[in-house]
1. Kindly evaluate Gly26 against the criterion of being outside any helix (DSSP H, G or I), of a type in the set (Gly, Ala, Ser) and either closer than 30 Å to Arg115 by Cα or at pLDDT below 85 (or both).
2. Which condition from (1) buried (at least 20 other Cβ atoms within 10 Å of the Cβ); (2) hydrophobic (A, V, I, L, M, F, W, C); (3) in contact with a Phe, Trp or Tyr (Cβ under 7 Å, 6 or more places away or on another chain); (4) over 30 Å from Arg59 (Cβ atoms) is the one that Ala112 breaks?
3. Return the residues of region 198-220 that are part of a helix (DSSP H, G or I), closer than 15 Å to Val187 by Cα and either in contact with a Leu (Cβ under 6 Å, 6 or more places away or on another chain) or not charged (D, E, K, R) (or both); say none if nothing qualifies.
4. The conditions are (1) on the phi < 0 side of the Ramachandran plot; (2) of a type outside the set (Asp, Glu); (3) under 20 Å from the mean Cα position of the chain (by Cα), and Gly135 fails exactly one of them. Which is it?
5. Regarding Ala145, is this residue part of a helix (DSSP H, G or I), at pLDDT 95 or above and touching a Ser or Thr at 6+ places or on another chain (Cβ under 8 Å)?
6. What number of residues in region 133-187 are of a type in the set (Lys, Arg) and more than 21 Å from Ala112 (Cβ to Cβ)?
7. Taking the conditions exactly as written (among the polar types (S, T, N, Q) and over 24 Å from Arg136 (Cα atoms)), does Ser150 satisfy them or not?
8. Give the residue, chosen from Leu92, Leu100, Leu126, Leu130, that is part of a loop (DSSP other than H, G, I, E, B) and either among the β-branched types (Val, Ile, Thr) or out of contact with any Pro (no Cβ under 6 Å at 6 or more places or on another chain) (or both).
Amino acid sequence: MAECMARIGANPTVAREEAAQWFVLGGGAEAKTCEARALEALGARGTAAVILAGIAADRGNGLPKATRAAMMQDAGRLWLGEKQYRLSLEALNRAVALGLRDADLLAMRAEAKGRLGMWPEAVADLSAALERAPGRADLLTLRAAANRKSGDPLAGLADAEAALRKLPHYPEALFEKGASLVVLDRVPEALKVWFKLIELHPDSEMAELARRNMQRLSGN
């Protein structure tokens, strides 16, 4: 695969054509994987995901189970990026069934579940992720959002504050702290947090989101 990735880096269109020819000549799963990576580089992420999921689902291709699980995770990642949330969740569930249960996979699956409105299930995945990676500020912040959207803003606030103890200026955690405070009807405190966020990270996506929320709160 190293040679394949080098060819993709040089010219993904040519690499895809060569991978297709390689498959015809008996390249098997490795050739199809190379084609999928080339398609991803060309922006055809949905097609790449279909190919990777197909390879991962084939128990007779000689690939180790761990490799198939990683491919299924990649398919889930690509579908998530294409906003194909149901397909992403199905692929990530299959990656878990193949034995892959690291924190990043669980966080990715939580995002897919959240996009489908399955917020309590997203909280469960993020809690499992935090068991594997205790204290990670990004995971705490994601769980803060999932808790808030599950109707538990107190838990969301606790997670956001825990993330900020790890990374005091983390913009996503500052936003989530403010958002939970708003739901708890502690608007002055929320505004103070969001003003801090805007001061620290004026050009960030989180600062813009805070500004929009503050405008809604003011009725403008």
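The values are calculated or read from the model by the stated rules, or taken from the named source; none is laboratory data. Just so it is clear, the model here is predicted, and its values are computed rather than measured. No Cβ is skipped: glycine too gets one built from the backbone with ideal geometry, and neighbour counts run over all protein chains shown.
1. For Gly26, the condition - outside any helix (DSSP H, G or I), of a type in the set (Gly, Ala, Ser) and either closer than 30 Å to Arg115 by Cα or at pLDDT below 85 (or both) - is not met.
2. It is condition (4) that Ala112 fails.
3. Ala210, Asn213, Met214, Gln215, Leu217, Ser218
4. Failing condition for Gly135: (1).
5. It is false that Ala145 is part of a helix (DSSP H, G or I), at pLDDT 95 or above and touching a Ser or Thr at 6+ places or on another chain (Cβ under 8 Å).
6. Total meeting the criteria: 4.
7. No: the conditions fail for Ser150.
8. The match here is Leu100.
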